[in-house]
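Following: one structure in structure tokens, then a few remarks.
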Amino acid sequence: MTSAPARDPLADHLITPDNAALLLIGYQPAQLATVRSMDHALLVKNAVSTVRTIKTFGSCTRPSTSPPAGDSQRSPNSPAC
């Protein structure tokens, strides 16, 4: 039995670690504290589980973090993919 030929990760219509990224926006303590539509612990658990899953998948994870006031440089918590 032979296996199917390898897919081209850039031309393929399926999501692969080479053509996908996860962007997390707005998961900062002050913003999380204002969410009232769901349990706070469940919200955090869902975010953590999502990041762990995407890291297991091997795709790029890009957190969005605001730099300290007056600092115009990119936050060290926001690495390039």
* Structure fact -> (1) surrounded by 12 or more Cβ atoms within 10 Å (Cβ to Cβ); (2) modelled with pLDDT under 80; (3) not in a loop (DSSP other than H, G, I, E, B) all hold for Thr65 apart from (3)
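Let's see how each residue does on (1) farther than 20 Å from Thr56 by Cα; (2) touching a Pro at 6+ places or on another chain (Cβ under 8 Å); (3) surrounded by 11 or more Cβ atoms within 10 Å (Cβ to Cβ); (4) not hydroxyl-bearing (Ser, Thr, Tyr):
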position: Thr2; (1), (2), (3), (4): yes, no, no, no
position: Thr16; (1), (2), (3), (4): no, yes, yes, no
position: Ala21; (1), (2), (3), (4): no, no, yes, yes
position: Pro29; (1), (2), (3), (4): yes, no, no, yes
position: Thr34; (1), (2), (3), (4): yes, no, no, no
position: Ser37; (1), (2), (3), (4): yes, no, no, no
position: His40; (1), (2), (3), (4): yes, no, yes, yes
* Qualifying positions in the range 1-55 - among the charged types (D, E, K, R) and assigned to a loop (DSSP other than H, G, I, E, B) -> Arg7, Asp8, Asp12, Asp18, Arg36, Asp39
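The values are calculated or read from the model by the stated rules, or taken from the named source; none is laboratory data. Because the structure is a prediction, the values reported are computed rather than measured. Glycine gets a Cβ as well: all are built from the backbone with ideal geometry, and neighbour counts include every protein chain shown.
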